[in-house]
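What follows is calculated from the coordinates using simple rules that are stated; it is not laboratory data. For clarity, every value in this text was computed on a predicted model and none was experimentally measured. Glycine gets a Cβ as well: all are built from the backbone with ideal geometry, and neighbour counts include every protein chain shown.
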Amino acid sequence: MKKFLKSFFFILLLLFLYIIISAYSYVNAVSKDLSNNVFRLHVIANSNSDEDQNLKYIIRDKILEYVNSISQNISTKEEMITLLNENINQIKYIAQKSINDNGYSYNVNIEIGNFAFPTKNYGDITFPSGYYDALKVEIGNAEGKNWWCVMFPPLCFVDTTSGIIPDESKEIIKNNLSEEEYNLLYSDTSTDLKFKFKIIETLQNISINLAKL
């Protein structure tokens, strides 16, 4: 009996390890694919004062207006990154000019890189937490609330206050993601997808928190 119990618990341990490894592999695969196909914008205000938060939105709008004007023919994330790298000095100039024109003397730091993002809702879709390539804009001390959006596929230019992403925008997203990834963005539609989304969210949050240590 003792030998049987040992064997039983050993099998349970192996099964548990298999589930953990499988879940980790799944999360890595999906997160990597999402990261490979999504490019985001991250704007950080100088502080949480009303004035600094308002300035954040002014700079956001100016940057998006400029990027929208030069990215009409962009069809891939790689093209977007190349375009932004080629115009990053102009983007920084626009942000700095907006700061000065509004009576502030803050500096602005702009970089393109891979950064941690929390889970974020855009209308009726949800992007899980994880590491995404992004254009990061830091205003002054960059100690205020953040603002995020998805620059590619282009959701920054979509009004999500209605809670629903327009069909044409969904089609762009669908064309740039695998079926599994696209369905995960609508994880509320099924119990299975909710469970998968939660696995990704939990493991990515652990990874992000460990990286901060």
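Segment S105..T82, full-extension length gain: 5.3 nm, with 0.36 nm per residue of separation and the alpha-carbon distance subtracted. Counted residue by residue at 0.36 nm each, then reduced by the alpha carbon distance between them, the extension gain from Y66 to S178 reaches 37.4 nm. Here's how it looks for G130: its modeled amide H is under 5 Å from those of F117, which are all 5 or more places away or on a different chain.
For segment 88-158, chymotrypsin sites (Phe, Trp or Tyr not before Pro) are listed when DSSP marks them as loop and at most 11 other Cβ atoms sit within 10 Å of their Cβ; the list is empty. Among the trypsin sites (Lys or Arg not before Pro) found in segment 75-164, those both in a DSSP coil and sparsely packed, with 16 or fewer other Cβ atoms within 10 Å of their Cβ, are K145.
For segment 60-117, the set of GluC sites (Glu not before Pro) satisfying both a DSSP loop assignment and a count of at most 16 other C-beta atoms within 10 Å is empty.
Each of Y186 and E168 was given a label point 7 Å from its Cα along the Cα-to-Cβ line. The distance between the two points is 2.0 nm.
For the pair E51 and S75 in one chain, pulling the backbone fully straight at 0.36 nm per residue adds 5.0 nm over the alpha carbon distance.
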